[in-house]
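Notes for the one structure printed next.
The values are calculated or read from the model by the stated rules, or taken from the named source; none is laboratory data. Worth saying up front: this structure is predicted, and the values here are computed from it rather than measured. For neighbour counting, all protein chains shown are included, and Cβ atoms are generated from backbone atoms with ideal geometry for every residue, glycine included. Remember, those area values only see protein heavy atoms, side chains included, never the ligands or the DNA or RNA. Shrake-Rupley method; radii C 1.70, N 1.55, O 1.52, S 1.80 Å.
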Amino acid sequence: GHHCWGYGEENGPSDWYKDYSLANGDRQSPIDIQSEQTVYNSSLKPIWVSYDACTSLSICNNGHSVMVEYEDCDDKTVIRGGPLEFPYRLKQFHFHWGGKDSRGSEHTVNGKSYPGELHLVHWNAAKYKSFDEAASAPDGLAVLGVFLETGEKHSVLHRLTDALYMVRFKETKAQFKDFNPSGLLPDCLDYWTYRGSLTTPPLHESVTWLMLKEPLYLSEKQMEKFRTLFFSGEEEGLRTRMMDNFRPPQPLKGRTVEASFR
Ligand SMILES: CCc1cc2c(cc1OS(N)(=O)=O)CC[C@@H]1[C@@H]2CC[C@]2(C)[C@@H](O)CC[C@@H]12
Ligand SMILES: [Zn+2]
């Protein structure tokens, strides 16, 4: 529309319904995961991550988040298993974070917010011809979500946080090769899964969410580096720092959240 959606006072999550009617849909994300209400499903398979042959291309600031994009022309970088009937191809990963550690994640657990959340985005190339086509199909996307928690410095993530200075402003992009995101995953791949949506407009209800129970730990200094990014472009006068780029939890509307673990 004339004014783009964002996370500010005038264009934030509570306004998105005006331009995007799916905002009040039946399978919106994120959600609050109430662990006592989740259903253990013993037939859920483990998540199988095959990222070893991945080809990362670039890191970019798209004005809403910082994203690393992958070559997705074949099935060399996929996740399989879990509730998924097909392999899903890695397309990109990006983050959501807060202005301080008490907030920043999109999903919450028993009402608890984490300082941030990593989304590893995959698409169903077995059924759909392109990411864009898959992004509006009910079984088109699978997002592996990992909470960020402050603690020890994360050595694999350090290469990314050290590259953020290259993409401080909206629409900036830099080369970012040979980054294998499996190094960002915790040892334990226990997960919750439910059917949901994109967490930003156009809010397509096309995502099978796989939220890991175990967080990724990073240092406060690494967290602070995310907060040095800007929503705005270099040419814009008003420089608004990129933070609090998260949508709050949405109504469950009768959905069941399944757990891969007891
Ligand atoms: C799931 C990751 C993802 C994909 C997309 C968005 C946002 C996303 O992050 S999130 N937090 O996982 O939901 C917003 C822009 C969307 C894009 C999916 C593809 C499009 C819908 C394009 O067709 C046009 C706008 C695009
Ligand atoms: Zn996201």
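Taking residues in region 91-114 that are closer than 16 Å to Leu212 by Cα and touching a residue at least 24 places away in the same chain (Cβ under 8 Å), and partners anywhere that are small (Gly, Ala, Ser) and surrounded by fewer than 22 Cβ atoms within 10 Å (Cβ to Cβ), the pairs with Cβ atoms closer than 7 Å and at least 6 places apart or on different chains are His94/Ser65; Phe95/Ser65; His96/Ser65; Ser105/Ser113; Val109/Ser35; Asn110/Ser35. Apart from one condition, Ala174 fits all of (1) aliphatic (A, V, I, L, M); (2) open to solvent by 10 Å² or more (accessible area, probe 1.4 Å); (3) touching a residue at least 60 places away in the same chain (Cβ under 8 Å); (4) within 16 Å of ligand 1 (Cβ to nearest atom); the exception is (4).
Within region 143-157, restricting attention to residues that are more than 16 Å from ligand 1 (Cβ to nearest atom) and closer than 17 Å to Phe95 by Cβ, the residue that is least open to solvent (accessible area, probe 1.4 Å) is Leu157.
Give Gly237, Gly254, Gly233 a once-over and let me know the one that is loosely packed, with under 14 Cβ neighbours inside 10 Å and in contact with a Lys or Arg (Cβ under 9 Å, 6 or more places away or on another chain). Just one listed residue meets the conditions, Gly233. When region 83-142 is filtered for residues that are charged (D, E, K, R) and surrounded by 24 or more Cβ atoms within 10 Å (Cβ to Cβ), the ones remaining, listed by number, are Arg89, Glu106, Glu117. Annotation note: of Asn24, Asn61, Asn11, Asn41, the sole residue that is open to solvent by less than 50 Å² (accessible area, probe 1.4 Å) and free of Cβ contacts under 8 Å to residues at least 24 places away in the same chain is Asn11.
Taken over region 44-58, residues that are surrounded by 15 or more Cβ atoms within 10 Å (Cβ to Cβ), of a type in the set (A, V, I, L, M, F, W, C) and assigned to a strand (DSSP E or B) amount to 3.
Within region 165-182, at least one residue is away from ligand 2 (no atom under 16 Å from the Cβ) and closer than 21 Å to Gly81 by Cα.
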